[in-house]
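The values are calculated or read from the model by the stated rules, or taken from the named source; none is laboratory data. Bear in mind the structure is a predicted one, so any value in this text is a computation, not a measurement. Cβ atoms come from the backbone with ideal geometry, glycine included; neighbour counts cover every protein chain shown.
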Ligand code: HEM
């Protein structure tokens, strides 16, 4: 896992197009949205919270030339856009993932989306996830922590614990063997490189096509092994989807559940190590870390028609980015929104999105965080951050600390 470069994932951000048109529309927009006009990608990646707060107060849907997109920062408007898939769709050919892995729930809307997603809904329900994965996640977490403990008294937990736990869990969840993780991540790297190339206006890479062909063949063999009792074989039975379609959705599940989960666990661990008293209320602390730093910070939609959202007149076809990070700190929903507060009501958190595309893996992700972190804290006495200067959570779309170095007694 340490070797994999899988940063970037499948929800790859659209490239910023230099604003060379110089026409009346860009100029008018810059004038109408002066805060948005000044925002840089560095600000959004390094320390987005101050600029997101100003945008939410003054330009809650703003035009950002740096993103070549609208940015939605208010909770009510974010929620409205996510729930209205007729107006704000994922189904657009600029969304490059669909061009590499084929159509899946991630890149469809309407009835077709429901058809692709439905077979996976039952196996990913909370009770079913506990039953299928509770023990496996716990023993994998214990195995990883014990291996770290043998090499201790210090370790880097993001690529040494959070990443491998997520990768092994998803690989096994889909019926592949835990020993295939390195291969899975190799395919992932190839696919992400291809998705990134397409986003940059280039052709899909040959290596990416080969990687997806290999992954897809491997997934199809699991799907067709009806005696195997895997989640995939179960989803495929009576689903009405072809084997290729099940494989495309499985690929999206596989990769949707690695980088995000690594970030979620790393962010939660960082906050728990900075505030050890919160370790007494683990679930609330994980929730609060998801609210303050959702590992998937933003999601993208395309306007299907000319429409109005808050102060913005959006034209058909324009990219609309919804900042889950900004919505999760909206004071209209969360009192003292920048505070890490364990007693706040548990509603309104948009870390897993909302509406038809709400994260299908949410229960498995929460299980991994809860069980993984509890195991780590129990196995490593007095685990603490190695440096006096804690690492900072960074990233434009996927946010996490670059490293999480710890020590223990
Ligand atoms: C076991 C781990 C996970 C799996 C298997 C998984 C899988 C998925 C899948 C398949 C989708 C697409 C659903 C659809 O389009 O109908 C999705 C959506 C989403 N997931 Fe997850 N996910 C996991 C963990 C996470 C984590 C840890 C986060 C963030 C903290 C996250 C955030 C999201 C968000 C924000 C969306 C909405 C994407 C959009 O609407 O554009 N997921 N997830």
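Quick check on segment 162-185. Is at least one of its residues over 30 Å from residue 385 (Cβ atoms), within 15 Å of the ligand (Cβ to nearest atom), outside any helix (DSSP H, G or I) and at pLDDT 95 or above? Explain how you work it out, then say what you get.
Narrowing segment 162-185 to residues over 30 Å from residue 385 (Cβ atoms): 172-177, 179-180, 183-184.
Adding the requirement that they be within 15 Å of the ligand (Cβ to nearest atom) leaves 172-176, 184.
Filter once more, keeping what is outside any helix (DSSP H, G or I): 174-176.
Pick out the ones that are also at pLDDT 95 or above and you get none.
Looking through segment 162-185, none of the residues is over 30 Å from residue 385 (Cβ atoms), within 15 Å of the ligand (Cβ to nearest atom), outside any helix (DSSP H, G or I) and at pLDDT 95 or above.
If I ask for residues that are out of contact with any helix residue (DSSP H, G or I) (no Cβ under 8 Å at 6 or more places or on another chain) and farther than 22 Å from residue 160 by Cα, which ones from segment 170-215 would you list?
Of everything in segment 170-215, those that are out of contact with any helix residue (DSSP H, G or I) (no Cβ under 8 Å at 6 or more places or on another chain) and farther than 22 Å from residue 160 by Cα turn out to be 196, 199, 200, 201, 202, 206, 213.
How about segment 295-398: which strands (runs of 3 or more DSSP E) wholly inside it have at least 1 residues that are within 16 Å of the ligand (Cβ to nearest atom) and buried (at least 22 other Cβ atoms within 10 Å of the Cβ)? If you could, list the steps in order and put the result at the bottom.
Working: elements: 298-303, 307-309, 312-314, 319-323.
The qualifying strands (runs of 3 or more DSSP E) are 298-303, 319-323.
Looking at (1) assigned to a helix (DSSP H, G or I); (2) surrounded by 14 or more Cβ atoms within 10 Å (Cβ to Cβ), which one does residue 217 not meet, given that it meets all the others?
(2)
What do you reckon, is residue 75 touching a residue at least 12 places away in the same chain (Cβ under 8 Å), touching a helix residue (DSSP H, G or I) at 6+ places or on another chain (Cβ under 7 Å) and more than 13 Å from the ligand (Cβ to nearest atom)? Steps first, please.
Details: touching a residue at least 12 places away in the same chain (Cβ under 8 Å): yes; touching a helix residue (DSSP H, G or I) at 6+ places or on another chain (Cβ under 7 Å): yes; more than 13 Å from the ligand (Cβ to nearest atom): yes.
For residue 75, the condition - touching a residue at least 12 places away in the same chain (Cβ under 8 Å), touching a helix residue (DSSP H, G or I) at 6+ places or on another chain (Cβ under 7 Å) and more than 13 Å from the ligand (Cβ to nearest atom) - is met.
Taking the criterion of being away from the ligand (no atom under 16 Å from the Cβ) and either more than 25 Å from the chain's Cα centre (by Cα) or within 26 Å of residue 136 (Cβ to Cβ) (or both), would at least one residue in segment 255-268 satisfy it?
Pass one, segment 255-268, residues away from the ligand (no atom under 16 Å from the Cβ): none.
No; the residues of segment 255-268 include none that is away from the ligand (no atom under 16 Å from the Cβ) and either more than 25 Å from the chain's Cα centre (by Cα) or within 26 Å of residue 136 (Cβ to Cβ) (or both).
Do you know which residues across segment 220-230 are surrounded by 17 or more Cβ atoms within 10 Å (Cβ to Cβ) and modelled with pLDDT under 80? Give the steps one after another, and end with the answer.
First, pick out the residues of segment 220-230 that are surrounded by 17 or more Cβ atoms within 10 Å (Cβ to Cβ): 220, 222-223, 230.
Across segment 220-230, the qualifying residue is only 230.
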